[in-house]
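Any read-out appearing in this document is the output of simple, stated calculations on the displayed coordinates, not a laboratory observation. The model shown is predicted, which means the values in this text are computed figures rather than measured ones. Ideal geometry is used to build each Cβ from the backbone, glycine not excepted, and the neighbour counts take in all protein chains shown.
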Amino acid sequence: MTISADVHDSAAADELYYDPYSVELNMNPYPVFARIREQAPLYYNDKHDFYALSRFDDVNKALIDHETFSSGRGALLEIIKSGMEIPPGTLIFEDPPIHNIHRNLLSRMFTPRKVQALEPKIREFTAGCLDPLVGTGRFDFVNDLGEQMPMRVIGMLLGIPEAEQRRVTDHGEATLQNEKIDLMASGEVFAEFIDYRTDHPSDDIMTDLLTAEFTDETGTVRRLRRDELLMYLTVIATAGAETTTRLIGWAGKTLAEYPDQRRELAANPALIPAAIEEILRWEPPALQAARYVTRDVEYYGKTVPADSAILLLMGAANRDHRRFPPDGDVFDIHRELRSHLTFGAGTHFCMGNALARLEGRIALEEILKRFPTWEVDWPNAVPSQTTAVRGWEAMPTLVP
């Protein structure tokens, strides 16, 4: 496997190899991505039979063009390749118009008012996680905070009792470890909460989804069926918790490697929102989105035939110097803000982006108040074994 960082390498482009199923490679794919961007902007992998785009403009336009690059067969390469039937209501595996109907229903739940109203509760919970660790000399970005806080927030939104939120977290992790959607299709972990909220309505997403009326693809005005609601809740919980968990873990690693910039953040917390954007750009939890190609399409003089699978490499696009000059491979919290692709683009742009940014900002503010410096305890750091969402199962640090 070639992972040379030298993009001027004279090796032929066909010697480049990117394996999206390699956990080890996905923890640091950027040397490969740099060579692919320059040497093979339309990349083809004959072993796994997929194409890939890596330059920012190409990836951005493809994410927006849902008619050519369809999510309807799945958004993970292995699901597209399997040809499996996608259960209805799997929001991330749908195209318009059905996707728009389901998305509009959910977007009522992620209003700015509902997201901002969570800030005091998120801060209180974060402080409760961190305070007992002061003076212990150790802090794990994932196990002590990242794994707990996002699922607690999803629990707050959905109205799930605190005592039950750990079970939901475990379900989300099992879903991603499985990297199939059979677990997601059942969503039975939420069934009892649906029954409870049916009898005890409240001001939360669960109640909103139970009572919301919408016009479906047949023109019928109705409410969500139970199986649809179970699927919705699983997608919200898994997507909303796991990605933020990974963001917090990457923040711990990245700022340990850039202590000067970390020192600036500790001295001036007003810089933290921009730092969160740079961490999101620099280490996106999801490196790529897979799409099914509906028609022949041409890139760089070559044809991607209809019925192909293609990977849109957001992780490569996020470091494209054409979009992020002069060098996208440089981490800089003072970088001029330009939109990245970590939350996607177009119809599948992440609805929870404001919530993830809020959680990331609060996490860094509260961590830096208590632990302005840290070093990663590398012998005990554990990479996640999933390839759908990459990051750390443990990011332990030594704190003075």
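The residues neighbouring residue 214, those whose beta-carbon lies less than 14 Å from its own, together hold a net charge of 0 under the Lys/Arg +1, Asp/Glu -1 convention. The fewest-to-most ranking of 21, 196, 30 by surrounding Cβ atoms within 10 Å reads 21, 196, 30.
Each of residue 163 and residue 195 was given a label point 7 Å from its Cα along the Cα-to-Cβ line. The distance between the two points is 1.6 nm. Within the listed set 109, 84, 149, the residue fluctuating most in the Gaussian network model of the chain (springs between alpha-carbon atoms under 10 angstrom) is 84. Between the beta carbons of residue 327 and residue 117, assuming R0 = 56 Å, the FRET efficiency works out to 0.90 to the nearest 0.05. Across the options 134, 267, 398, the greatest Cα extent toward the positive end of the charge dipole of the stretch 13-398 (unit charges at beta carbon of Lys, Arg, Asp, Glu) belongs to 267.
Helices that extend 30 Å or more along their long axis by alpha-carbon positions and average at least 0.5 on the Kyte-Doolittle scale are absent among the DSSP H runs of the chain. Exposure proxy for 194, 236: other Cβ atoms within 10 Å of each Cβ, ordered fewest to most, give 194, 236.
Note: relative contact order over the stretch 63-168, using C-alpha pairs below 8 Å and six or more positions apart, is 16 percent. Computed about its Cα centre, the charge dipole of the chain is approximately 780 debye, with only Lys, Arg, Asp and Glu carrying charge at their Cβ.
Nearest 500 deg cm²/dmol is fine: what mean residue ellipticity at 222 nm does the chain get from its DSSP H runs of n ≥ 4 alone, each adding -39,500 (n - 2.57), divided by its residue count?
-13000 deg cm²/dmol
Sequence-distant contacts, meaning Cα pairs under 8 Å at least 6 residues apart, place the relative contact order of the stretch 345-400 at 30 percent.
Can you list which of the chymotrypsin sites (Phe, Trp or Tyr not before Pro) found in the stretch 278-379 are DSSP loop residues with at most 12 other C-beta atoms within 10 Å?
300
Residues 234, 211 in ascending order of nearby Cβ atoms (within 10 Å, fewest first): 211, 234. By the scheme Lys and Arg +1, Asp and Glu -1, what is the net charge of all other residues having a beta-carbon under 12 Å from that of residue 375? Charge balance in the 12 Å sphere: +1. Checking every one of the GluC sites (Glu not before Pro) in the stretch 301-400 against DSSP loop status and a limit of 10 other Cβ atoms within 10 Å picks out 336. The residue among 374, 33, 22 whose Cα reaches farthest toward the positive pole of the charge dipole of the stretch 13-398, with charges on the beta-carbon of Lys, Arg, Asp and Glu, is 374. Separation of the stretch 341-400 from the stretch 206-222 is 35 Å, based on Cα centroids.
Would you please name the chymotrypsin sites (Phe, Trp or Tyr not before Pro) within the stretch 22-87 that are DSSP coil residues with at most 13 other C-beta atoms within 10 Å of their C-beta?
none
Dipole of the chain computed with +1 at Lys/Arg Cβ and -1 at Asp/Glu Cβ about the Cα centre; of 143, 350, 388, farthest Cα towards the positive end is 350. Given R0 = 56 Å, the distance between the Cβ atoms of residue 131 and residue 21 translates into a calculated FRET efficiency of 0.85.
What does the charge count near residue 397 come to, summing +1 for each Lys or Arg and -1 for each Asp or Glu among other residues with Cβ under 11 Å from its Cβ? Counting the neighbours of residue 397, the net charge comes to -2.
With contacts taken as Cα pairs under 8 Å at a separation of at least 6 residues, the stretch 212-313 carries a relative contact order of 17 percent.
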